[in-house]
Amino acid sequence: MLTDREKWLFDLHGYLVLRQVVSPEDLEHMIARCDEWHGMDEDELPPPLCSYDDPVEKPTAARAILHAEYADPVFDRLILNLPIMRVVLALTRERPQHLLSALTVNIPDSDEITLHNGASGAWRNPANDYQAADGDVFATFINAAISLVDVPDGAGFVCIPGSHKTYFERPGHIDIRSGPPTVVNVPVNAGDAVVFTEALCHGALPWPWRDRPRRTMFQRYCTSYASWTPGAGPIEEHQDLLSEGVCEMKRQGGFQGPKRVVERLLAELNGDAS
């Protein structure tokens with residue numbers, strides 16, 4: 001499902017930029033819901049929505065609201081977004097599981113998002129593996145950052161290209177402001193997605209515009225047979241709020257064959273909607 005050029009780019013850099021994967025209508029809807037929820041106190045959010053960090057205890061942390069798919073069908077649909085799933089299916093060899101959604105807002109007062117990753121050299125976490133072999137690329141933990149707004153050069157996502165394959169520890173003086181060629185900034189437009197392996201060292205430059213916050217939906221996927229995700233899956237008491245396909249995508253699976261929802265996605269990608 002990935003072209004040879006996409007495989008080369010992902011292996012080289014550790015990420016791909018997918019253009020215009022969300023319609024303007026859905027973007028407008030998601031921005032409205034994002035602003036509505038982020039304008040609420042924690043106890044006002046409709047269950048199971050909650051913040052990753054308590055905004056009262058950590059008022060300067062960029063607030064990330066989890067589980068938006070349970071509260072709105074547009075966010076539910078985003079989990080199975082076909083252009084994004086084309087890449088996720090290829091990277092997981094058609095064995096994906098949706099782990100988490102985080103609807104994040106960054107403003108000038110937000111804490112800096114420093115460089116971080118899930119793997120480097122002798123400190124490598126086996127849960128965040130990356131491999132390239134037999135003409136394919138493979139990643140066990142994938143992040144899709146879908147931007148709801150334009151993010152120009154000089155703000156937003158930065159990374160160290162190729163760091164998903166590094167063996168050596170990053171020098172302490174390298175940070176989000178180090179600049180190219182070591183640290184690159186990836187500008188995107190509203191509706192674009194950056195899909196990257198969590199093994200990639202990444203962060204974000206500060207957001208300078210108070211009147212137009214940076215709004216991003218992060219979708220995290222892993223290989224569905226991973227034993228390192230205990231407790232992952234649909235939230236039992238709220239799973240009736242999800243579509244059948246998303247509910248299945250959140251469940252663990254095995255090596256034996258793809259999930260039914262994956263088979264449907266593959267049929268769509270192959271032009272067979274029957």
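The values are calculated or read from the model by the stated rules, or taken from the named source; none is laboratory data. Bear in mind the structure is a predicted one, so any value in this text is a computation, not a measurement. In this analysis, Cβ positions are derived from the backbone assuming ideal geometry, glycine residues included, and neighbour counts consider all displayed protein chains. Keep in mind that these areas ignore ligands, DNA and RNA; they rest on the heavy atoms of the full protein, side chains included. Shrake-Rupley method; radii C 1.70, N 1.55, O 1.52, S 1.80 Å.
Key figures
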{"quantity": "Some residue of region 11-25 being of a type in the set (A, V, I, L, M, F, W, C) and over 17 Å from the mean Cα position of the chain (by Cα)", "calculated": "yes"}
{"quantity": "Residues satisfying the stated conditions in region 186-213, i.e. open to solvent by 10 Å² or more (accessible area, probe 1.4 Å) and small (G, A, S)", "calculated": "A190"}
{"quantity": "Total residues in region 1-38, condition in contact with a strand residue (DSSP E or B) (Cβ under 9 Å, 6 or more places away or on another chain) and either β-branched (V, I, T) or surrounded by fewer than 12 Cβ atoms within 10 Å (Cβ to Cβ) (or both)", "calculated": "5"}
{"quantity": "Selection count where residues are part of a loop (DSSP other than H, G, I, E, B) and of a type outside the set (S, T, N, Q), scope region 189-201", "calculated": "7"}
{"quantity": "Qualifying position, being at pLDDT 90 or above, open to solvent by 50 Å² or more (accessible area, probe 1.4 Å) and outside any loop (DSSP other than H, G, I, E, B), among A132, A122", "calculated": "A132"}
{"quantity": "Of the criteria (1) charged (D, E, K, R); (2) closer than 24 Å to V88 by Cα; (3) within 16 Å of the chain's Cα centre (by Cα); (4) open to solvent by less than 50 Å² (accessible area, probe 1.4 Å), which one R63 fails", "calculated": "(2)"}
{"quantity": "Cross-chain or 6+ apart pairs with Cβ under 7 Å, region 248-270 first and more than 13 Å from I79 (Cβ to Cβ), then among the basic types (K, R)", "calculated": "G253/R95; G253/K259; P258/R95; L269/R86"}
{"quantity": "Qualifying residue in region 165-188 (condition: under 16 Å from the mean Cα position of the chain (by Cα), in contact (Cβ under 8 Å) with a residue 40 or more places away in the chain, part of a loop (DSSP other than H, G, I, E, B) and farther than 29 Å from L49 by Cβ)", "calculated": "no"}
